[in-house]
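*Asks:* I have a structure here, written as structure tokens, and I will follow up with some questions on it.
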């Protein structure tokens, strides 16, 4: 059993079979073959359109957050300085949200108008939602730097502000400023470290407190 060639090509003119036509295979298959080609051509066009739309709708989690206006964290980064420039912070945010490899153009007079072009799409820094933040890991300072972007105020504000030590510092064994060291817990805040002995309560061992074995001890 043979099958018709389903080449994806649009062919004009579908032959209509009439009385008196030869009933040989070539004559009978001609209109069927052309209709098959048309069907394959339409299928190819629909698939190409669907693929293009899907590609346009695929976004990273950070881009989705920015598009929906939630703001929030982008990946921690070593900016090579304790005080990164506004341009460096803005460029990194653009790359994190819209993907690396684009061209960044800083606008010093109107930072929100700075542009980031990637894959022929041009974005402005003003699209980065207010309260987006990044942790600067340079020299382990772990400062949180937050974007203030108020395009609806007069004058509009677009500035990254260092709000100090990030107490929710997630790195290696550190979580929320707590570092477990042996049997102790070190609590860090603004550079000061307090060591808590986890085997004691208020500095006293268990034997110091009344329990079932010393209820009558006085």
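Values in this text are rule-based calculations from the coordinates and carry no lab data. For clarity, every value in this text was computed on a predicted model and none was experimentally measured. Methodologically, a virtual Cβ is constructed for each residue, glycine included, from the backbone with ideal geometry; neighbour enumeration extends over all protein chains shown.
*Asks:* What is the fewest-to-most order of 23, 94 by other Cβ atoms lying within 10 Å of their Cβ? The partial results should precede the final answer.
*Replies:* Details: 23 7, 94 25.
Ascending number of Cβ neighbours within 10 Å: 23, 94.
*Asks:* How would you rank 76-84, 131-139, highest first, on the average number of other Cβ atoms within 10 Å across their residues?
*Replies:* 131-139, 76-84
*Asks:* While we're looking at this one, here's another question. Once you place label points 7 Å from the Cα toward the Cβ at residue 16 and residue 75, how far apart are they in nm?
*Replies:* 6.4 nm
*Asks:* Given 0.36 nm per residue, what is the gain on full extension from residue 131 to residue 153 after removing their alpha carbon distance, in nm?
*Replies:* My answer for the length gained is 6.4 nm.
*Asks:* Just grab the label-to-label distance for residue 42 and residue 103, each label 7 Å out from Cα along the Cβ direction, in nm (one decimal).
*Replies:* Placing both labels 7 Å along Cα→Cβ, they lie 4.3 nm apart.
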